[in-house]
1. Where the centroid of each part is defined by its Cα atoms, how far is segment 142-207 from segment 63-82 in Å?
2. When only DSSP loop residues count, what GluC sites (Glu not before Pro) in segment 71-143 have their Cβ near at most 14 other Cβ atoms within 10 Å?
3. Placing +1 at every Lys and Arg Cβ and -1 at every Asp and Glu Cβ, with all other atoms neutral, what dipole size does the chain have around its Cα centre, in debye to the nearest 20?
4. Answer rounded, prolate or oblate for segment 103-241, using the Cα gyration tensor with square roots of eigenvalues a ≥ b ≥ c: rounded when a/c is under 1.5, else prolate when a/b is larger than b/c, else oblate.
5. If you take Cα Rg over 2.2 N^0.38 Å from the coordinates, which of [x] 0.97; [y] 1.10; [z] 1.68 do you get?
6. Pick out, from Leu155, Asn189, Asn86, the residue whose Cα sits farthest towards the positive end of the charge dipole of segment 79-218, with +1 on the Cβ of Lys and Arg and -1 on the Cβ of Asp and Glu.
7. Report the net charge of residues surrounding Val70, where surrounding means a beta-carbon distance below 13 angstrom and charges are Lys +1, Arg +1, Asp -1, Glu -1.
8. To the nearest 20 Debye, how big is the dipole of segment 111-196 about its Cα centre, given +1 on the beta carbon of each Lys and Arg and -1 on that of each Asp and Glu?
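None of the figures in this text is laboratory data; all of them are computed from the coordinates on show. Everything numeric in this text was worked out from a predicted model, so none of it was measured. For neighbour counting, all protein chains shown are included, and Cβ atoms are generated from backbone atoms with ideal geometry for every residue, glycine included.
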Amino acid sequence: MQLLRFVLIPFFFAVVSLFLTCKTVSPDLPPRLDSPVLRPIELAVIKKSSEYVEAAHLTWSKPLSDSVEVAYYNLLRMFPGDSGYNDNFPSSQGIPASIENFFDPLINSFPSALESYRPLIYRIYAVDELGRAGDTSAPCTLLVVKQPSLKHSDLTKGCFTWSSDVNLSGPYSYCHLWSDSSNLSWTSNTMYTFPPTDKPAEFSACIPDSLMKFFHGTWFYALFIDIGGSQSLKTGTLYVP
């Protein structure tokens with residue numbers, strides 16, 4: 001019996017040692033997602049509540065991956081005055097994987113009279129089905145300049161004049177009009193001008209005669225400006241008798 005005890009004790013310690021050194025081997029996880037790619041950002045008009053407002057329109061391509069699916073996207077942005085990138089703007093987090101575009105309303109985001117332009121910088125990353133954040137995209141910047149203004153409108157003739165006093169190279173511009181009640185719209189030709197440096201650039205357009213009989217009630221306008229890749233946009237409302 002004494003001999004059996006000495007035989008069992010080494011065997012017991014061997015089993016305990018084997019148990020303590022065994023580790024659970026987890027399966028290899030697929031690599032994290034690469035970054036989505038942001039395409040050049042454009043200005044756009046969106047309807048917010050009962051009014052139309054200016055917005056940045058972001059689009060992107062999804063990460064290239066055949067090992068794990070995208071669950072959702074998160075956007076980051078940095079505007080002048082921000083200390084860094086932030087994600088605290090509406091609907092910018094948890095964008096479903098099936099969606100690859102986003103409209104960010106630009107409330108009070110255009111430059112004042114004292115600024116030449118403002119950089120609006122965005123980045124994006126995807127979160128996979130395992131809950132892991134992928135790589136963050138390179139920054140994509142939209143340069144916005146001071147908004148144009150509607151200077152004069154002759155509603156009886158359907159003619160409009162607007163101006164831009166941004167003192168950069170000559171701007172391109174066009175005007176877009178639309179009516180929700182009649183579902184009609186019209187876009188002017190794109191115009192270019194190179195004004196003297198001390199005067200604003202002015203543009204004029206008149207809607208065609210074929211549209212004049214429908215030109216009454218509430219109409220909306222959008223004035224688009226492009227100056228060497230820097231953009232601006234102004235929306236407004238016309239009340240036509």
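1. One Cα centre to the other: 35 Å.
2. Those satisfying the criteria are Glu115, Glu129.
3. 360 debye
4. Judged from the Cα gyration tensor, segment 103-241 comes out oblate (a/c at least 1.5, b/c at or above a/b).
5. Read-out from the structure maps to [z].
6. The listed residue farthest towards the positive side: Leu155.
7. Values: positive: Arg32, Lys62, Arg132; negative: Asp34, Asp66, Glu69, Glu100, Asp128, Glu129, Asp135.
It works out to a net charge of -4.
8. Dipole about the Cα centre, nearest 20: 260 debye.
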